[in-house]
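A short write-up of the structure that comes next.
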Amino acid sequence: MPASSAPPKIAFIMVGLPARGKTFIARKVARYLSWLGHETRVYNVGAYRRSRLGSHHHHSFFDPRNEAASAARTQVALAALEDMLSFLREGGDVGIYDATNNTRERRKFVRARCAAEGLEAVFVESICSDPALVEANIRATKARSPDYEGVPEEEAVRDFRMRIRHYQEGYEEVGEDEGRFVKIIDVGRKMVLQGIEGYLLARVVHFLLNLHVQPRRVWLTRHGESEFNVLGRIGGDSPLSEAGRAYARSLASVVRRRIGQDAVVWTSTLRRTVETAEIVGLAFRAWRALDEIDAGVCDSMTYAEIAGTMPEEHAARQADKFRYRYPRGESYQDVIQRLEPVIFELERQRAPVLVIGHQAALRALYAYMMDRPPHECPFVSIPLHTILELEPTAYGSEERRIDLPPAPLDPEGFRQSS
Ligand code: F6P
């Protein structure tokens, strides 16, 4: 591929006081961009500090007047920056430098290092003036961080507040003369942009606009067993089987007991998901973006028929299931691209979300939620008649699987009794 057609490399430079959600934002952006196929890495200076200088530092370690400690902290900060620049030099697409970068002087240095590598730095500054939000963040993440392992919560919180105060002393907001920036104020209540142009940067800003920190669960389930599932045929638009309708009734009772009537329910536009949602009985929205992978000329065939009549297609899919595109259909990579608006909406929602979908499309959503490399997504197990309950935690999601009756048919066409 000619170099000019490659998307530009980006160095995001986080800015902000401690406990302003920088790491949360950095990891979310990294997860989103990696999912879209951009090689992205976060360089967290706190982690460098812990591995090189140890954890359990008293707040005085962060006092700018403590010269020896300041020099040691600068060293680790520079090491992380250089590692990020090497990553970008050696083929990475997007680097995220996760540090406070709270002075103009430090940012000038970082920008100059990026410029020397032919990279434009984009500052992502998180400003939070709401003391309740900062306090909640300290308690939810900082007091539980490895820095305070074994330290009673109140003592950890007190020490961390002092640490913030040290950074506050020298803090200078990013100015208009500092190039490109995105300022996120009070967790997205307001955003200020400068010099944001180009497709990828615009996507990232759009993504950031939808972020919030309110925890809420997401449930993923395939539709109930369909008539095509019973026949082993892929794609199509068949109705539910009797067992599929029974599953939808089991799902309805879980929704009542565990998920709640305020859940936002999404389906694809295909009959099997819509019928499942109708039995669940809550209002729902049908998204075309959630439709199953389009198997093109192979739609409505069994895997054995494809292998028998189109052995080259079968072999090509076996060789690279992630990139393989069905003739006149889609690949997993294509499915990920079309699911982007669903991800934005998923991030924006504050209510619990139940997605009634299909095997391939749900694998792609799951890879995003669980931060799994995209090329692994075609192999994620998402069986019929199972609910995946995903609970976003500070920096990822926890997963529980709930199998509901009736058991679906096994590959030999038998139904296990349940
Ligand atoms: O068999 C059900 C199904 O949803 C098909 O419609 C779809 O083609 C398939 O699963 C996707 O799974 P895989 O990528 O493993 O073939």
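The values are calculated or read from the model by the stated rules, or taken from the named source; none is laboratory data. Because the structure is predicted, anything quoted here is derived from the model rather than measured. Reconstructed Cβ throughout: ideal geometry from the backbone, glycine too, with neighbour counts over all protein chains shown. For the accessible areas, the whole protein counts, side chains as well, though only heavy atoms, and no ligand, DNA or RNA atoms are used. Shrake-Rupley method; radii C 1.70, N 1.55, O 1.52, S 1.80 Å.
Figures for the structure shown
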read-out	value
Exclusive hit being modelled with pLDDT under 95, closer than 29 Å to Ala246 by Cβ and open to solvent by less than 30 Å² (accessible area, probe 1.4 Å), set Ile293, Ile259	Ile259
Hey, Arg285 without any contact (Cβ under 8 Å) to a residue 40 or more places away in the chain, in contact with a Gly (Cβ under 9 Å, 6 or more places away or on another chain) and among the charged types (D, E, K, R) or not	no
Looking only at region 230-248, and only at residues there that are under 15 Å from Leu409 (Cβ atoms) and within 30 Å of the chain's Cα centre (by Cα), the one that is nearest to the ligand (Cβ to nearest atom)	Ile234
Candidates Gly170, Gly188 - the one that is closer than 30 Å to Val255 by Cβ, open to solvent by less than 50 Å² (accessible area, probe 1.4 Å), modelled with pLDDT under 95 and away from the ligand (no atom under 16 Å from the Cβ)	Gly188
Region 88-107: number of residues that are loosely packed, with under 15 Cβ neighbours inside 10 Å and without any contact (Cβ under 8 Å) to a residue 40 or more places away in the chain	3
Residues being aromatic (Phe, Trp, Tyr) and out of contact with any Cys (no Cβ under 8 Å at 6 or more places or on another chain) - total across region 296-332	2
Single residue of Arg52, Arg89 found to be over 30 Å from Asp159 (Cα atoms) and within 30 Å of the chain's Cα centre (by Cα)	Arg89
Residue check, Tyr97 of a type outside the set (Asp, Glu), within 21 Å of the chain's Cα centre (by Cα) and part of a strand (DSSP E or B)	yes
From the options Val297, Val280, Val265, residue that is under 26 Å from the mean Cα position of the chain (by Cα) and more than 10 Å from the ligand (Cβ to nearest atom)	Val265
Filter result (under 21 Å from Ala361 (Cα atoms) and over 19 Å from the mean Cα position of the chain (by Cα)) within region 191-222	Arg222
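Let's see how each residue does on (1) in contact (Cβ under 8 Å) with a residue 24 or more places away in the chain; (2) surrounded by fewer than 18 Cβ atoms within 10 Å (Cβ to Cβ); (3) within 28 Å of Gly195 (Cβ to Cβ):
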site	(1), (2), (3)
Val110	yes, no, yes
Cys114	yes, no, yes
Val124	yes, no, yes
Ser129	yes, yes, yes
Lys142	yes, no, no
Pro152	no, yes, no
Arg158	no, yes, no
Arg161	no, yes, no
Ile164	yes, no, no
